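For reference, the structure discussed in these notes is given below.
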Amino acid sequence: MNLNKVSMILVLNGLMIAPTMAAELEISITNLTHGNHFTPILITAHDNMSHQFQAGEMATPALQKMAEGGNIADLMSAATGNNELVVGNPAEGLLAAGKKVDSIMLDTQTMTHLSIVAMVLPTNDAFIGLDAWEIPTTPGTYTINVNAYDAGTEANDEIINGGGMPGSPGIPAAPGMDGGANGTGVSDTSGNDKVHIHPGVLGDTDNAGGNSDLDSRIHRWLNPVARVVVEVK
C-alpha cells in the first residue's frame, strides 16, 4: 500500500479515537428585562442527546414544576441521574431585572453541550431557555442572547394568587411587590400546549382591578430576556 495512504489512514483513525477535550467555562447571566425576576437558575453540561426542554415538544413534569413555580429540584435530580454536570442556583435566590450573576465556573469534562433554564416572575409559565448549546472547542468569549419560552402547561391568565404548583392556575408572586390585585383574568385563547416562544404579557395599569394583575409599565418584555456570556478557557 502507498505510504501516503497508510499515513492518511493512521491520521484519520487518530482523529476518530481522539478523546473529547474538556473545557473550563466561566459563565455570566444577565437579566435583561425591565421589571421581572428570574427564579433560581439551573445550568447543566451534557452530551448532545440530552435536553432540559425542546421547543415544539410537550413539557416534562419536571420542566412544568420549574416553569410554573420556579422549583428546579426535579430537573436537577434528573440531570444528576443522567450523569450531567449541574450548577444549581448560582445567584443564590432571585435574579432581579438588570442584575447579573457572574464568575460561574464549570469544568465540562467530557460534556459537549450547555443548557440553562429559570422561571420568569411574575408569569404563569414563562422561563428563560438555552437548549443544548454546543460548547465551542476554541478558547474565547461567546455571547448568547436568550429568549423566554412558554411551557404550554398553563393558560396565561396573569392572576397573582400564590399559585405555582402544577395544576394550580395562577402566578406565585410579584417579587418586586409591584403587582396588582383583583384582576378578572386575561383570556388566553391559544391552543398551543407545546413548549413555544412566549408571547409576552399584556398587563394593564389598574393595580386594583382590570383584566391583569401585572403592570404593563413594568412587567412587559420583548425577547431576548437574558444574556449569557461564556468564556471558554
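Every read-out reported here was derived from the displayed coordinates using simple, explicitly stated rules and does not represent laboratory data. Here the structure is a predicted model, which means the values were calculated and not measured. Ideal geometry is used to build each Cβ from the backbone, glycine not excepted, and the neighbour counts take in all protein chains shown.
Neighbour counting of Cβ atoms within 10 Å sorts the residues Asp213, Asp193, Asp188, fewest neighbours leading, into Asp193, Asp188, Asp213. Lys-Lys pairs in the chain that are eight or more residues apart or on separate chains and whose Cα atoms lie under 28 Å of each other come to 5.
Of the GluC sites (Glu not before Pro) found in segment 45-127, those that fall in a DSSP loop while having at most 10 other beta-carbon atoms within 10 Å are Glu92. Over the chain, dividing the summed -39,500 (n - 2.57) contributions of all DSSP H runs of at least 4 residues by the number of residues returns a 222 nm mean residue ellipticity of -4500 deg cm²/dmol. Taking a ≥ b ≥ c as the square roots of the eigenvalues of the Cα gyration tensor, segment 37-132 is oblate, since a/c reaches 1.5 or more and a/b is not larger than b/c.
For Thr143, Thr123, the sequence from fewest to most other C-beta atoms within 10 Å is Thr143, Thr123. For percent of Cα pairs over 25 Å apart, the value computed from the atomic coordinates appears in the list (1) 39; (2) 47; (3) 43 under label (3).
For the pair segment 26-43 / segment 55-113, the C-alpha centres are spaced 11 Å from each other. GNM remark for the chain: springs join alpha carbons under 10 Å apart, and the peak mean-square fluctuation among Met111, Met49, Met66 falls on Met49.
Sequence-distant contacts, meaning Cα pairs under 8 Å at least 6 residues apart, place the relative contact order of segment 48-192 at 24 percent.
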